[in-house]
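Undergrad: The following block contains the structure, expressed as C-alpha cells.
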Amino acid sequence: MLKAFICLSVASLIIANLFGCSQPDIPDEPIQVIVTDGSDETVTIENQSESIIDDIIFLGESTTYHLKSRGVLKDGKNTKQVWSPKSGTLMLDASTSDCRIVYPETNEEISLSEALKRKQPKIMTLTFGLNGAPSFITRGRDYFKFCYKKLLDTIKEVSPRTKIIINSCFPIAKNMDMSRYTVDAKTLNLYIDALNAWACELAKENGARFIDSASVLKDSEGYLDTRFQVEDGYHLNADAYKLILKYFKEELKNEEN
C-alpha cells in the first residue's frame, strides 16, 4: 500500500513539474541551414553546433565518464572534455562542489575549483540523479536543489563566464539488477523523472539551460531502450551517446537561431 502511494505521489509530482520543461523532439536527420559570416567561406549552422560540442566540459556520474570510454567526443578515448575523479564517477551531494578530479590537461588530481580556475570552460554540462535517486526522493526537492545549487554556485564563482547546462539523468532498462534497491525498475524510473523535473526547475531558477536528452533513449514504456544499454540495464553504449550528442547539437542549434 505504501509503495503504491509513493508511486502515485511521484507520478503526480512529475506531471506537475514537467509542465513547461519539455524539450522538442529531435529530427531524424540534421537540418542543413546555410549562412554566411561575411567572408568568402560558407558556414553552416551544423558546423557551428559541432564546434560547440567540442567546447563542452562534461561532469557527472559513470554515464558521463563513459563519454570518454566510448570514444564519441573529440580525440576519442583521449578526449579532455570529461572531468571525473579517479573512480570515474561522482554522486551528487552537499560535498560534490568540493570534489577532486583528474585534470585531463596534466593528469593531476586537483580540486574542481582549481580545474575551473585553470580551464574557464566555455560550456559545462552536469548530469546527476541516478546515483542516490531513492535517497533524494526521500529527502525531497529542497535537498536535491540545495546540493545541485552548491555545485552551480561554485562554477559561477570560479568561472563566471561558463554557460551551465543541466542535463537530465538517464532512465534504466527493465533488465537492470534491482537487488540493491527496495523498489522495482518502473518505480526507480518514476524517481528519475521526478529528479529531472526538479533539475529543470533549478535550471530556470538559476539561469542555467536544461536539456532533456534522456527523452531520446526511452522506449514506449519509459524504460531505457535495450538497444542503448550494455547489458547491465543502465550503462550506455556508443550508439546511445551518439544520439545524445546529436540531440545536444539540435538543441544548441535551435538556441543559435
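Undergrad: What distance in nm separates the simple spin-label points at Arg139 and Lys77, each placed 7 Å from Cα in the Cβ direction?
TA: Calculated label separation equals 3.5 nm.
Undergrad: At a Förster radius of 25 Å, what calculated FRET efficiency corresponds to the Cβ-Cβ distance of Lys122 and Ser95, to the nearest 0.05?
TA: Using R0 = 25 Å, I get an efficiency of 0.40.
Undergrad: How large is ³J(HN,Hα), in whole Hz, for each residue of segment 204-220 in order, when computed from phi with the Karplus curve 6.51 cos²θ - 1.76 cosθ + 1.60 and θ = phi - 60°, using x for Gly and Pro?
TA: Once rounded to whole Hz, the list reads 4, 6, 10, x, 9, 9, 9, 10, 8, 5, 4, 4, 7, 9, 8, 8, 5.
Undergrad: Just name one of Leu126, Val158, Cys147: the one whose Cα is farthest towards the positive end of the charge dipole of segment 115-170 (beta-carbon charges, Lys/Arg +1, Asp/Glu -1).
TA: Final value for the positive-end residue is Val158.
Undergrad: Over the C-alpha atoms of segment 118-163, what are the Rg and the largest Cα-to-Cα span, Dmax, in Å?
TA: 12.7, 37
Undergrad: Using the Karplus equation 6.51 cos²θ - 1.76 cosθ + 1.60 (θ = phi - 60°), what ³J(HN,Hα) coupling, rounded to whole Hz, does each residue of segment 99-110 give in order, writing x for Gly and Pro?
TA: For segment 99-110, the Karplus curve yields 5, 10, 10, 8, 6, x, 5, 10, 6, 7, 8, 9 Hz.
Undergrad: Can I ask one more? Using all C-alpha to C-alpha distances in segment 115-195, build P(r) with 5 Å bins and read off the rounded percent in each one.
TA: It works out to 3, 14, 22, 19, 14, 12, 9, 6, 2, in whole percents.
Undergrad: Determine the gain in length on full extension of the stretch Phe146-Met178; use 0.36 nm per residue of separation and subtract their C-alpha separation, reporting nm with one decimal.
TA: In short, 8.8 nm is gained.
Undergrad: I'd like the projected area of segment 87-157, averaged over all directions, using the convex hull of its alpha carbons. Report it in nm² with one decimal.
TA: 5.0
Undergrad: Still on this structure: Give the residue list of chymotrypsin sites (Phe, Trp or Tyr not before Pro) in segment 112-188 that are DSSP loop and have at most 15 other beta-carbon atoms within 10 angstrom.
TA: Listed in order of number, the matching sites are Tyr181.
Undergrad: Starting from the Cα of Thr226, step 7 Å toward the Cβ, then list every residue of segment 162-187 with an amide N under 17 Å from that point.
TA: What the label zone holds, given the 17 Å backbone N cut-off, is 172-178, 185-186.
Undergrad: Okay, next question. Could you tell me which trypsin sites (Lys or Arg not before Pro) in segment 69-100 are loop residues by DSSP with no more than 15 other beta carbons within 10 angstrom of their beta carbon?
TA: For trypsin sites (Lys or Arg not before Pro) across segment 69-100 that sit outside H, G, I, E and B with at most 15 neighbouring Cβ atoms in 10 Å, the list reads Lys74, Lys80, Lys86.
Undergrad: Right, another one. Scan around Lys163 for amide H atoms under 5 Å from its own, H built in the peptide plane at 1.01 Å from N, and keep only partners 5 or more places away or cross-chain.
TA: Ile123, Met124
Undergrad: Provide the descending list of Cα extents for segment 163-219 along its principal axes, expressed in whole angstroms.
TA: 38, 22, 14
Undergrad: Then there is this: Provide the gained length on full extension for the span Lys242 to Glu157, in nm with one decimal, where the gain is 0.36 nm per separating residue minus the Cα-Cα distance.
TA: Length gained, Lys242 through Glu157: 27.4 nm.
Undergrad: For the cross-link pairs Lys156/Lys253; Lys80/Lys156; Lys68/Lys156; Lys86/Lys204; Lys122/Lys174; Lys68/Lys249, which exceed 27 Å when the distance is taken from alpha carbon to alpha carbon?
TA: Where the Cα-Cα span goes over 27 Å, the pairs concerned are Lys86/Lys204; Lys122/Lys174.
Undergrad: Further question on the same structure: Would you grab the residues whose amide H sits under 5 Å from the one on Leu90? Only those 5+ places off in sequence or on another chain, please, with H modelled 1.01 Å from N.
TA: Placed amide hydrogens put Glu61, Ser62 under 5 Å from Leu90.
Undergrad: When only alpha-carbon atoms are used, what values of Rg and Dmax, in angstrom, describe segment 152-257?
TA: 15.4, 47
Undergrad: Find, to one decimal place in angstroms, the Kirkwood hydrodynamic radius of segment 62-212, where the mean of 1/r is taken over every pair of different Cα atoms and then inverted.
TA: 16.2
Values quoted throughout were computed directly from the atomic coordinates according to the rules given, and no laboratory measurement underlies them. Small disclaimer: the values here were computed from a predicted structure and weren't measured. Note: ideal-geometry Cβ built from the backbone for every residue, glycine included; neighbour counts use all protein chains shown.
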